[in-house]
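A quick write-up on the structure given underneath.
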Amino acid sequence: MKNCFSQMVKKVSMVSLCLGAVAFSATLSADDRIDLGDRYRNGRDLGRDFRPIPLCAIDLAATSLNFQLLNRTSTYRGQVRITGVLKNVGRLSYLSGARQQSLNLYEDRRLVATVPFVNLAVSGSVTVNFVRNWDASSAAEGEFPPTYKIILSQDPDIYIDGNVNNDDCNTRNNTFTRSGSAINDLL
Ligand SMILES: [Ca+2]
Ligand SMILES: [Ca+2]
């Protein structure tokens with residue numbers, strides 16, 4: 001930059017080139033973009049009080065757990081399917097490596113299904129499901145139904161693997177829990 005500014009004195013044509021370099025150095029990358037709109041909240045410029053918040057660009061979210069009756073075998077019994085969904089709710093694709101992440105489904109504390117995946121485009125989704133027999137008249141299912149939970153499971157080194165494209169920026173939405181009591185309503 002020092003040489004650049006000295007050249008500015010000698011050649012007017014270099015001015016635009018140097019300013020261009022300054023502007024380029026101030027350009028934020030996609031991951032560094034900040035929400036400047038918040039600075040002007042309700043039409044008031046918050047000025048020095050403004051604290052920009054980085055936008056969350058890569059965000060996978062556990063969004064739902066659905067129960068479906070596949071077939072009824074008697075008045076209170078049937079075969080049911082439990083389906084969990086993980087969705088890319090961010091603004092950028094999730095790009096990762098094999099064996100670095102999976103969507104896991106738990107019945108209480110027992111892992112009953114797991115689906116590994118690699119990449120996930122914006123608005124794309126991954127589903128995991130588990131099929132089992134259900135007896136709504138039993139204590140284990142009817143009276144004290146298990147709780148289902150889906151979890152985005154990631155490699156513990158995911159944030160230090162040198163790949164920023166798999167850094168989920170909001171871990172608060174990476175699990176979804178639902179009581180199995182609603183399955184009794186299907187029978
Ligand atoms: Ca997330
Ligand atoms: Ca990473």
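Below are the figures for this structure:
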{"item": "Counted charge near Tyr148, where neighbours are those whose Cβ lies closer than 13 Å (Asp, Glu -1; Lys, Arg +1)", "result": "+3"}
{"item": "Shape call, segment 60-184: gyration tensor on alpha carbons, a/c limit 1.5", "result": "prolate"}
{"item": "For Arg178, Arg109, order by how many other beta-carbon atoms lie within 10 Å, fewest first", "result": "Arg109, Arg178"}
{"item": "At most 15 other Cβ within 10 Å, DSSP loop - chymotrypsin sites (Phe, Trp or Tyr not before Pro), segment 60-98", "result": "Tyr76"}
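None of the figures in this text is laboratory data; all of them are computed from the coordinates on show. Just so we're clear, the structure is a prediction, and the values are computed from it rather than from any experiment. In this analysis, Cβ positions are derived from the backbone assuming ideal geometry, glycine residues included, and neighbour counts consider all displayed protein chains.
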